[in-house]
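Please treat every number below as a calculation from the coordinates, not as lab data. Source: prediction; values computed, not measured. A quick note on method: Cβ atoms are made from the backbone with ideal geometry, for glycine too, and the neighbour counts reach across all protein chains shown.
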Amino acid sequence: MSGIIFFKTVNLAKIREFYEGRLGLKLWKDQGKCLIFAHGSLKLGFCEGQASETGGIITFVYDSPAEVDASYARFEKIATGKPEISEYYKIYHFWARDFEGRSLEFQCFIEPEKKGTEKAEISILNPDKAKPKLLLTRMIPENAVDQLKQVFEVHANTEPRNLSKAELLQHIPQMDGLLCLLGDTIDRELLDAAPKLRVISNYAVGYNNIDIDYAKSKNIAVCNTPGVLTESTADLAWALIMAASRRIVESDKFVRRGEFVGWEPLLFLGQDLHHRTLGILGLGRIGEAVGKRATGFGMKILYHSRTEKSPSYEATRVDLETLLKESDILSIHAPLTDKTRHLIGKKELAMMKETAVLINTGRGAIVDEKELIKALQEKRIFAAGFDVYEHEPQIPQELLDLENVVVLPHIGSASFATRAAMGEMAAENAIAIVKGEKPKSRIV
Ligand code: NAP
Ligand code: GLV
Ligand code: GLV
């Protein structure tokens, strides 16, 4: 059975912002005075009318409790209950209300035996007892999986979600190798449960998700994927720089809402980039590539790093205070370490220009997110662009409510070619360690 439930509304623009922006529903049809959203087989229509209808219940059905949880995380502020399992209905659900007062029900029907505990389908892709075992925590491009299969018996999580801590703990004891994501926390508890583990190959350049010192103390090699993702991540940093400075996303939403009625002298005024000052926090591989792109815009380039660098273009090393005070665009490219956690806090944000734009494609926790939200709300800086968040994947609703931010789901390296190259490098790293060879990039 399929159909469309229609509601009348007096506030089509807000409905759109809510259902598309906050709930993440896809716009299925835009008929001007009527918007139809799709969410799986559920279709919801909202038509402009005299009186809005606020009755009724809209039910969103998900495939797994994890998706209900993810939805809850987005709707925590308006949720009217916590996710819970009802024995009677065998559903896992919570309730919320949309801004017109309709009840929204988010639920997942669960199999009785699956209640509360999820077990990922870990598949042995190439059963072969003679080979060392590798846990692949999430499917990566096929070329890399094929490489891994030649050397390892690959135990792969084939589900489209990350493994929980419990699931990692369950599978790690038998493993000789681990190929993991930046969202997998590889801490003491996990390493203590891994007596056979020889290599952790991170499918990322950043490795703040791994307890490096503890791995080292246990003689477990840790590898990462530097270099191959530099240019793609620099491209994305620039996409954010341009989008936040020139209000691209806000303007796009405006046009789609049907509000563009002609050229206007004061419509969506933003910040210029050309001939202004770019400040780079952390002039490493990616920071340098971001600076190189800025030379095409005739920008002046400042940077702050612990050591002097010699990029292929003119750039001046300054202390953090000068960087903050003089930059029109501040782009963060340092790694997350004990030294960089909350390096940009209340005091530092107060040093920035009112016209400044802050871009973070490094790691969320380098910036004190609460303080940054305040600075943006109070318009103490002009705008911000984020690819990373302090408590990823959680993003505070206050941040999503702001117009002067652009938010991306950590896609810095997400091009077809780069993700394949990262896969190759991560596979080669793991293979080199078990073969006793020198990997391309080893951290400890
Ligand atoms: P990199 O070459 O090691 O560059 C990092 C730079 O940061 C280094 O040159 C380092 O220079 C500087 N740095 C370190 N500690 C610092 C501090 N306390 N203050 C100021 N500067 C400091 O690494 P990369 O390949 O460019 O990657 C950088 C980071 O980007 C990664 O760690 C990762 O977190 C992030 N990343 C994100 C994405 C994404 O998808 N958004 C993709 C790739 C990478 P000094 O040692 O001289 O200080
Ligand atoms: C991505 O954030 C990475 O560190 O590779
Ligand atoms: C704008 O389109 C202009 O011609 O200035």
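For the reader, a short list of remarks on this structure follows.
- Projected-area average for the chain over all orientations - Cα convex hull basis, square nanometres: 24.8 nm²
- Largest-first principal axis extents, alpha carbons of the stretch 96-222, Å: 57, 33, 29
- Each part reduced to its alpha carbon centroid, the stretch 397-444 and the stretch 148-185 end up 16 Å apart.
- Over the chain, dividing the summed -39,500 (n - 2.57) contributions of all DSSP H runs of at least 4 residues by the number of residues returns a 222 nm mean residue ellipticity of -8000 deg cm²/dmol.
- The relative contact order of the chain comes to 12 percent, based on Cα pairs under 8 Å that sit 6 or more residues apart.
- Here the stretch 5-109 is assigned +1 on the Cβ of each Lys and Arg and -1 on the Cβ of each Asp and Glu. Its dipole about the Cα centre then comes out at about 300 debye.
- Cysteines of the chain lacking any other cysteine Cβ under 4.7 Å from their own Cβ: CYS108, CYS180, CYS223.
- Here the Karplus curve 6.51 cos²θ - 1.76 cosθ + 1.60, taken at θ = phi - 60°, turns the phi angles of the stretch 3-19 into couplings of x, 10, 8, 10, 10, 8, 8, 9, 9, 4, 5, 5, 4, 5, 4, 6, 6 Hz, with x standing for Gly and Pro.
- Phi-derived couplings, Karplus 6.51 cos²θ - 1.76 cosθ + 1.60 at θ = phi - 60°, listed residue by residue for the stretch 230-237: 4, 5, 5, 5, 5, 4, 5, 4 Hz, with x used for Gly and Pro.
- Highest to lowest packing among 34-47, 217-230, scored as the average C-beta count within 10 Å: 217-230, 34-47
- Using C-alpha pairs under 8 Å with a sequence gap of at least 6, the mean separation divided by the residue count of the stretch 249-365 gives a relative contact order of 25 percent.
- Inter-centroid distance (Cα atoms) of the stretch 44-113 relative to the stretch 243-293, Å: 36 Å
- Under-5 Å amide H pairs with THR59, H placed in peptide plane, nonlocal only: GLU105
- HN-Hα J in Hz across the stretch 71-82 - Karplus 6.51, -1.76, 1.60, θ = phi - 60°, x for Gly and Pro: 5, 4, 4, 6, 10, 3, 5, 9, 5, 9, x, 8
- Packing rank of 436-444, 353-361, where each peptide gets the mean count of other beta carbons within 10 Å, highest leading: 353-361, 436-444
- For GLU142, GLU189, GLU100, the sequence from fewest to most other C-beta atoms within 10 Å is GLU142, GLU189, GLU100.
- Options PHE7, PRO265, TYR207, ranked by Cα towards positive dipole end of the chain, top entry (Cβ charges): TYR207
- DSSP-defined antiparallel bridges as percent of all bridges, the stretch 317-444, nearest 5: 10 percent
- Under Stokes-Einstein, with the Kirkwood radius over Cα pairs as Rh, the value for the stretch 207-346 at 4 °C and 1.567 mPa s is 75 µm²/s.
- Panel order for TRP95, TRP238, TRP263, TRP28, by other beta carbons found within 10 Å of each beta carbon, from fewest to most: TRP263, TRP28, TRP95, TRP238.
- Relative to the Cα centre, the charge distribution of the stretch 92-233, modelled as +1 at Lys and Arg Cβ and -1 at Asp and Glu Cβ, gives a dipole magnitude of about 400 debye.
- Around the Cα centre of the chain, unit charges on the Cβ atoms of Lys, Arg, Asp and Glu (plus for the first two, minus for the last two) sum to a dipole of about 500 debye.
- Contact order normalised by residue count of the stretch 5-109, Cα under 8 Å, 6+ apart, percent: 25 percent
- When the chain is described by a simple charge dipole with +1 on each Lys and Arg Cβ and -1 on each Asp and Glu Cβ, the residue from ILE57, ALA194, TRP95 located farthest towards its positive end is ALA194.
- Max-minus-min Cα coordinates of the stretch 5-109 on each principal axis give 42, 22, 22 Å, with the largest extent listed first.
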